[in-house]
Amino acid sequence: MILRAFFFSFSSEWLKRKRSYTLPLAAGSAFFIPTIIFLARFRRIDALPSLYQAPRFWEGLWLQAWESMAFMILPMAIMLVASLIAQIEYRNNAWKQLHATPQSLATIFAAKLAVILVLVVQLVVWFNLALYLAGILPALIFAKVDAPASPIPFAHFARRDLAFIVDVLPIVALQYLLALRSKSFVAPLGIGMALWILSVGTMRWKYNYLIPYSYAGIDYLMTEYARKLVLPANTQVMAGICFLAITTGGFVLYASRTDKG
Amino acid sequence: MQAIATIGLSHKFSAEAVLDDVNLAVPAGSIYGFLGPNGAGKTTTLRLVLGLLRVQHGTIEVLGRSLDRHRLEILSRVGSSIESPSLYGHLTAVENLEVWRRVFRCPPRRIGEVLSHVGLAGTGSKRADQFSLGMKQRLAIAVALLHEPALLILDEPANGLDPHGILEMRALLTALNHEHGITVLVSSHILSEIQKLVTHVGVIHRGTLRFQGTLAALMTRQEQSAATHLHTSENLRAVKIAAQHGMEGRLAGGKVILRALDEQESGRLTTALATSGVAVYEIVTVRRDLENVFLDLIGEA
C-alpha cells in the first residue's frame, strides 16, 4: 500500500520535471568533462596512437574524468538539481495544491527525494556513456588511431560509480533539506557552495570527513591515488550514515512546518 | 448533514488573531458562498479546512469525518483551488492534469472529461504559463474536479474572469451541484459575483462570522432593512399619526423613518396626514440591495 502510494507519487513528481532545466542540467553535467577530454585530443593527435594502445587506456580515461566529476561537477549538479526540484513547487505556487492531495507528507518527501536520486544516477550513467564516446570517437575520426586495445572494465567502473553515488548522498540530503526550506533558488546554492568550498579547502585537514560534502573527494584520493587517510570508517559507510541522519532531520523539519502552502 | 463543520475555530499568526471562534456550517448538497472583504479570514479558514495550516484551536469536520484523524481520506474526496491557481507553468493543460491524475489514481479518460467541462479541450501543446488568468482559473477548477470530489472548495474562483467567464463558471458550478450532487464552497469578496450562484451564505469579517444561513434568510434581512422615508410639514405630528395607524416611526435627518410600507399603507397614511392638516412633501420607500446588507454586516455601510 505504502509502496503503491510512493510509486504513484514518484510517477507524478517525475512528470513535473518534464521541460524543466533538470534534463539539460544533467546532460550538460554528464557530457562536460568528457567533451573537454575529447576536444583536448585534437591538441596532441600524434600521441594518440600510443595512448590508445596502452594496456590500461580506459582506466586512465576514467580516472582523468572522475577527478573533476567527484570534486566539482557532481556536487554542483546535485546542488542545482535539488534546488530545481523544490523550485518547481515554489515557482508555480503549487505546494498548497500538493499538500491538499491525499498523500502523506512522508510519501511526498520521499517521492521528491527519489526524483533527485534518479537524476543523479541518470547523470552518472550518461557520464559513463559520454566517457565511452570520448574514448572511442578519436579512433573513429583519426585514421592512424586504432580502437583502444584494452577491454573496458565494466564491473570495476560500475562498482566505483556506485561508490561515488553513495559518497555524494549526504550532499543530496542536505541540498534537498535546504531547497525545501527556502523559497529562494539562490540561498540553498549559496550555502551548498560555501560548504563545498570548505570541504575542498580543508581536504588536507585530518577531520575533513566531518564535512558531508567531502566524501567523494576523499574516496577519489584514497582509491585512485592511494592517499593514506585515517578515517573512522570507509567513505560509503560514513556517507550512508550521514545521508540517513540528514534525511531524517530534513523530513522532521519538512513535516513540522505549521504552514504547508 | 454538514459537508464542513468547524467548531470554535480560532487562529493566530504571531500575536495577530485572524480567526476568532468561527463556526462554519456548510450543508451537504449546498452551494455555499463564503463572503468577506480581503483579509477577513476566508483563505485562512479554507487553508485550515484543507489541513494546510495546523489547527491551533477548535475542531474541523469535513464530510462527517474529523480532519485531525482522517485527513487523507477526506482529501481524497475534496477538490480545491486556494488563492491563485496552482499550475505547473512549464506543462500543458493535459500534463498538469496528468500530474494530479497519477496522485489521485483516477482513470485517464477523466482528463478529457474535465477539460471539456471547463472548455479547455483545445489547448493542445500550449503551456500553462501562456494561458490567460481566466484559462488558468478554469484549469485549476479542472484539477479540482479531476477525481470527482464530493466537496469542491474554490477560493476566489472568479478572480481574473471576464463577465462571460463568470457566467460560464457559475453555470459549471451550478451543473456540478445539481447534476452530480457536489457540495460547492466558493469564497469571494464581491457578493454580486456569487449572489446568483449560492444557496447558502457565510459572511466573515475581521476573523468573525457575522452571518450564516440561507440566501433566502439574507434576503429577508434585506427586506427588513428596507424603510419608508416621509418628509412632511410637521414631522413630529406625522410620527404620532403614523403610530395611531400601527406604523411606528422615528425622526432622523429631518425625515420620518418608518418600516417599509406597501402601497395600501402608504395610501392610508398620506390620507390620514392630509386629513389632519399635515402636508406630505415626499414619501419614498428605500430598498437596500444585498450589497448594502453585506456592507452592513461587515460594518462598512
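All of the numbers you see were taken from the coordinates with simple rules; none came from a lab. All values derive from a computational prediction rather than experimental measurement. Backbone-built Cβ (ideal geometry, glycine too); neighbour counts: all protein chains shown.
Could you work out the local net charge near A:I191, counting Lys and Arg as +1, Asp and Glu as -1, over the other residues with Cβ closer than 15 Å to its Cβ?
+2
Which order do A:Y215, B:Y32, A:Y90 fall in if you start with the one that has the fewest other Cβ atoms within 10 Å?
A:Y90, B:Y32, A:Y215
Residue by residue through B:81-90, how many Cβ atoms from other chains fall within 10 Å of the Cβ on average?
6
Give me the angle, in degrees from 0 to 90, between the Cα long axis of helix B:263-275 and the longest principal axis of the Cα atoms of chain B, rounded to the nearest 10.
Computed tilt is about 20 degrees.
Using every alpha carbon pair in chain B, what percent of pairs falls into each 10 Å bin from 0 up to the bin containing the largest distance?
For chain B, the pair-distance distribution reads 6, 24, 26, 18, 12, 9, 5, 1, 0.
Average partner chain C-beta neighbours within 10 Å, per residue of B:49-56?
Other-chain Cβ atoms within 10 Å of each residue's Cβ, averaged: 4.
Shape verdict for segment B:75-130, please, from the Cα gyration tensor: rounded (a/c under 1.5), prolate (a/b greater than b/c) or oblate.
Cα axes put segment B:75-130 in the oblate bin.
Restricting things to Cα coordinates, could you compute the convex hull volume per residue of segment A:44-162 in Å³?
Once divided by residue count, the hull of segment A:44-162 is 135 Å³.
Alpha carbons only, please: Rg and Dmax for segment B:111-266, in angstrom.
So, for segment B:111-266, Rg and Dmax equal 23.6, 76 Å respectively.
Please find, in a Gaussian network model of chain A (springs between Cα atoms separated by less than 10 Å), the residue of A:A100, A:A27, A:A82 whose mean-square fluctuation is greatest.
Maximum among the listed residues: A:A100.
Evaluate Rg over Rh across segment B:101-198, taking Cα atoms for both radii and Kirkwood's formula for Rh.
With Rg and the Kirkwood Rh in hand, the quotient comes to 0.95.
Taking the Cα atoms of the protein assembly as shown, report the difference between the largest and smallest coordinate on each principal axis, in whole Å and largest first.
128, 49, 42
What is segment A:138-219's relative contact order, in percent, from Cα pairs under 8 angstrom and six or more apart in sequence?
Relative contact order, segment A:138-219: 25 percent.
What percent do you get for the relative contact order of segment B:15-69 when only Cα pairs under 8 Å and 6+ apart count? Spell out each step's value before the answer.
Working: 25 pairs, mean separation 14.5, N = 55.
So the answer I get is 26 percent.
Taking only C-alpha pairs under 8 Å that are 6+ residues apart, what is the relative contact order of chain A in percent?
28 percent
Once you sort the root eigenvalues of the Cα gyration tensor of segment A:1-59 as a ≥ b ≥ c, which label holds: rounded (a/c under 1.5), prolate (a/b larger than b/c) or oblate (the other case)?
Oblate, since a/c reaches 1.5 and b/c is not below a/b.
Go ahead and estimate [θ] at 222 nm for the protein assembly as shown from helices alone: -39,500 (n - 2.57) per DSSP H run with n ≥ 4, summed, over the residue count, rounded to 500. Before the final figure, lay out each step's value.
Values: 23 runs with 297 residues, N = 562.
Rounded to the nearest 500, the figure is -16500 deg cm²/dmol.
Just add up the charged neighbours of B:N23: K/R +1, D/E -1, any other residue whose Cβ is under 14 Å from the Cβ of B:N23.
Summing Lys and Arg as +1 and Asp and Glu as -1 gives -2.
Can you tell me which lysines have their Cα less than 16 Å from the Cα of B:K255? Leave out same-chain residues fewer than eight positions away.
B:K240
Sort B:V284, A:V230, A:V168, A:V124 so that the residue with the fewest other Cβ atoms within 10 Å of its own Cβ comes first and the one with the most comes last.
A:V230, B:V284, A:V124, A:V168
Note the angle between two axes, namely the Cα long axis of helix B:215-224 and the longest principal axis of the Cα atoms of chain B, as a number of degrees from 0 to 90, rounded to the nearest 10.
So the helix axis and the longest Cα principal axis differ by about 20 degrees.
Calculate the length of the line joining the C-alpha centroid of segment A:71-126 to that of segment B:1-57, in whole Å.
About 32 Å separates the Cα centre of segment A:71-126 from the one of segment B:1-57.
Go through B:94-104, B:259-269 and give me the packing order, highest mean Cβ count within 10 Å leading.
Values: B:94-104: 22.5, B:259-269: 14.7.
Ranking, from highest mean packing down: B:94-104, B:259-269.
If r is the Cβ-Cβ distance from B:E179 to A:S150 and R0 is 60 Å, what FRET efficiency results, to the nearest 0.05?
0.25
Write down, largest first, the equivalent ellipsoid semi-axes of segment B:1-104 in whole Å, where each equals the square root of 5 times an eigenvalue of the alpha-carbon gyration tensor.
26, 18, 14
Dipole magnitude of the protein assembly as shown about its Cα centre, charges +1 at Lys/Arg Cβ and -1 at Asp/Glu Cβ only, in debye to the nearest 20?
Using Cβ point charges on Lys, Arg, Asp and Glu, the protein assembly as shown gives about 1440 debye.
Can you compute the charge dipole magnitude of chain B about its Cα centre, using +1 on each Lys and Arg Cβ and -1 on each Asp and Glu Cβ, nothing else charged? Give it in debye, rounded to the nearest 20.
560 debye
Roughly how tilted is helix B:133-145, in degrees to the nearest 10 and between 0 and 90, from the longest Cα axis of chain B?
Roughly 70 degrees, rounded to the nearest 10.
Which whole number gives the average, over all residues in B:166-173, of C-beta atoms from other chains lying within 10 Å of the residue C-beta?
Partner-chain Cβ atoms within 10 Å, mean over residues of B:166-173: 0.
For segment B:205-278, what does the alpha-carbon gyration tensor say about shape, rounded, prolate or oblate, given a ≥ b ≥ c as the root eigenvalues, a/c under 1.5 as rounded, and a/b over b/c as prolate?
prolate
Could you list A:I171, B:I82 in order of exposure, starting from the residue whose Cβ has the fewest other Cβ atoms within 10 Å? Please report the intermediate quantities before stating the final value.
Numbers: A:I171 30, B:I82 24.
Placing the least packed residue first, the sequence is B:I82, A:I171.
Hey, what D do you get for segment A:120-261 in µm²/s if you plug the Kirkwood alpha-carbon radius into Stokes-Einstein at 37 °C and 0.692 mPa s?
Answer, rounded: 187 µm²/s.
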